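Chemist: Quick one: this structure, given as C-alpha cells, is what I'll be asking you about.
Every number here is computed from the coordinates shown, using simple stated rules; none is lab data. None of the values given here were measured: they were computed from a predicted structure. Note: ideal-geometry Cβ built from the backbone for every residue, glycine included; neighbour counts use all protein chains shown.
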Amino acid sequence: MAVATPPRSRWYPYQRDFLLRFNRAGAAFPAGYVTSFYRGAGAARDSQHRFGLALDVAFPGSPSRWPVRQLRAAMEAQGLVVVDERRGGSDHWTGPHLHVQRFPAGYLRSAGLL
Ligand SMILES: [Zn+2]
C-alpha cells in the first residue's frame, strides 16, 4: 500500500511529508488499498483531502475484520491521525473506510495555512 508523491504545488512539502509517513506505516499492510486521495470542490471546506493531505484506506473482506487497531497504531506512530469511518463519516461518505490525515482536525486553519 504505497502512494506516489504528487506534482509540485504550494502543498508539496506537506504532501511529501504526509506520504513519506503514510508509506512508512502502510508498508506493513500490503492488503490495504487507497480508495480516495485528492478531492476537489466536492470535499468539505476544510477537508485535508482538498490539499492531498488525507487518504481513505480499505481492505478486502468484512470491515469488522479489518486490522483497524494495528493500522491506527502504525499510523499514529508516524504522527498521523486516523478516523474510523467504517460505519459512516463526516465527509461525503462513499463506503466503509479508514480515513488517514496528516494533521489534527482544525490544524490547517488554526495555523493560518487556509
Ligand atoms: Zn477521508
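Chemist: Filter the range 95-114 down to the residues that are within 9 Å of the ligand (Cβ to nearest atom) and under 15 Å from Arg39 (Cβ atoms) and list them by number.
Modeler: His97, His99, Val100, Gln101
Chemist: Looking at Gly61, Gly95, Gly52, which one is without any contact (Cβ under 8 Å) to a residue 60 or more places away in the chain and surrounded by fewer than 21 Cβ atoms within 10 Å (Cβ to Cβ)?
Modeler: Just a single option satisfies the conditions, and that option is Gly61.
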